[in-house]
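To start, the structure under review is shown below, and the notes come after it.
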Amino acid sequence: MSNQNQTITPEVEPTPSSDKVSPFLNSPLPQGTPQGQQQSLQQSLSSTPSGSIPKYNLPRGANTGNVGATTHFGYQTVSSDDKAQKVAEVFHSVASKYDIMNDLMSFGIHRLWKRFAINMSGVRRGQHVLDIAGGTGDLAKVFSREVGPQGHVVLSDINESMLNVGRDRLIDAGCTNVDFVLANAETLEPFADNSFDLVTISFGLRNVTDKDAALQAMHRVLKPGGRVLVLEFSKPVFEPFSKLYDFYSFTALPMMGKLVANDSESYKYLAESIRMHPDQRTLKGMMENAGFQSCDYHNLTGGIVAVHRGFKL
């Protein structure tokens, strides 16, 4: 496809200053913070007592129109504000076992899905990448290597427990060109317009309350010529396979969650959230409505997962 050869806008070096300023953020980062360990602009969220679940103060309703609205949490109908808290509780619960469960649930195939998405990203040396809902950092770790020391990666998540796991993992791996930012996908408020060559969200969009707002925010922070990739569970394309997949999702997944993470309810939510997520064609249309051009998608493992791609022209 011709859109695979899109020209990427050249990087513009930030103006030298006595303040340490990220090229992605609207305001300076704290003084004296080591590279790769900068605090989020929303660092006040980290002041909650140890062991408690941080409350979401990140802007949502005023910007996305969700105030007083209802949405789905799995198969339940809940208020938009309640969904944010319920999703937070799920990922606080599973953060420490997240990577182990991913390997068990997918029989390791999630690594191939992510590799396919990375191959579709067209990422190059020196580029700037935003990985939204990046959690434990699987994609960010690879992007850190691919963009090299002159490039930069931001690992962003709204869930502090997941972000802490990802931060520790990437720092231990020596990824010195990565920032870690606690941010809401619906607004991406900390990030300036036209900042990134590549924006990705992997297995996170289905947990976002206002998906249209999130896609619009991704379009805003992407540079002209840049691309967005959405890796997400989707709708199987073969009906017999779909029935087998349903049986596995609603029986084996909660059982594994109980045995490994001592949490069956979170994995029941996982199965339900996948069924409530828009199918391939619907998500493609949502991306086009958000302003992305030349949108397409690729089904993986019979449509269990799909990679959607779009460009900002």
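Points to keep in mind about this one:
- Segment 253-269, residues that are touching a helix residue (DSSP H, G or I) at 6+ places or on another chain (Cβ under 8 Å), of a type outside the set (Lys, Arg) and outside any loop (DSSP other than H, G, I, E, B): Leu253, Pro254, Met255, Met256, Gly257, Val260, Ala261, Ser264, Glu265, Ser266, Tyr267, Tyr269
- Of all residues in segment 106-125, those satisfying the criterion of being in a loop (DSSP other than H, G, I, E, B) and within 15 Å of Gly226 (Cβ to Cβ) are Gly122, Val123, Arg124.
- Selection over segment 197-226 of residues that are within 20 Å of Val142 (Cβ to Cβ) and open to solvent by 10 Å² or more (accessible area, probe 1.4 Å) gives a count of 2.
- Single residue of segment 273-284 satisfying the filter (open to solvent by 20 Å² or more (accessible area, probe 1.4 Å) and part of a helix (DSSP H, G or I)) that is farthest from Ala252 (Cα to Cα): Lys284
- Hits in segment 126-142 (condition: more than 18 Å from Pro224 (Cα to Cα) and touching a Gly at 6+ places or on another chain (Cβ under 8 Å)): Ile132, Ala133, Gly134, Gly135, Thr136, Gly137, Ala140
- Look at (1) in contact with a helix residue (DSSP H, G or I) (Cβ under 6 Å, 6 or more places away or on another chain); (2) open to solvent by less than 20 Å² (accessible area, probe 1.4 Å); (3) modelled with pLDDT of 85 or more; (4) farther than 28 Å from Tyr248 by Cβ and you find that Val123 fails only one, number (2).
- Pairing each residue of segment 287-313 that is open to solvent by less than 60 Å² (accessible area, probe 1.4 Å) with any residue that is at pLDDT below 95 and assigned to a strand (DSSP E or B), provided the two are 6+ apart or on different chains, yields C-beta distances under 6 Å for Val305/Phe233.
- Some residue of segment 133-152 being part of a strand (DSSP E or B), closer than 20 Å to Ala306 by Cα, at pLDDT 95 or above and aliphatic (A, V, I, L, M): no
- Any hit, segment 231-248, residues being over 22 Å from Val208 (Cα atoms), without any contact (Cβ under 8 Å) to a residue 60 or more places away in the chain and outside any helix (DSSP H, G or I): no
- Boolean, Asn194 is assigned to a loop (DSSP other than H, G, I, E, B), on the phi > 0 side of the Ramachandran plot and among the polar types (S, T, N, Q): yes
The values are calculated or read from the model by the stated rules, or taken from the named source; none is laboratory data. Please read these numbers as outputs of a predicted model, since none were measured by experiment. Glycine gets a Cβ as well: all are built from the backbone with ideal geometry, and neighbour counts include every protein chain shown. Accessible surface areas use protein heavy atoms only, side chains included; no ligands, DNA or RNA. Shrake-Rupley method; radii C 1.70, N 1.55, O 1.52, S 1.80 Å.
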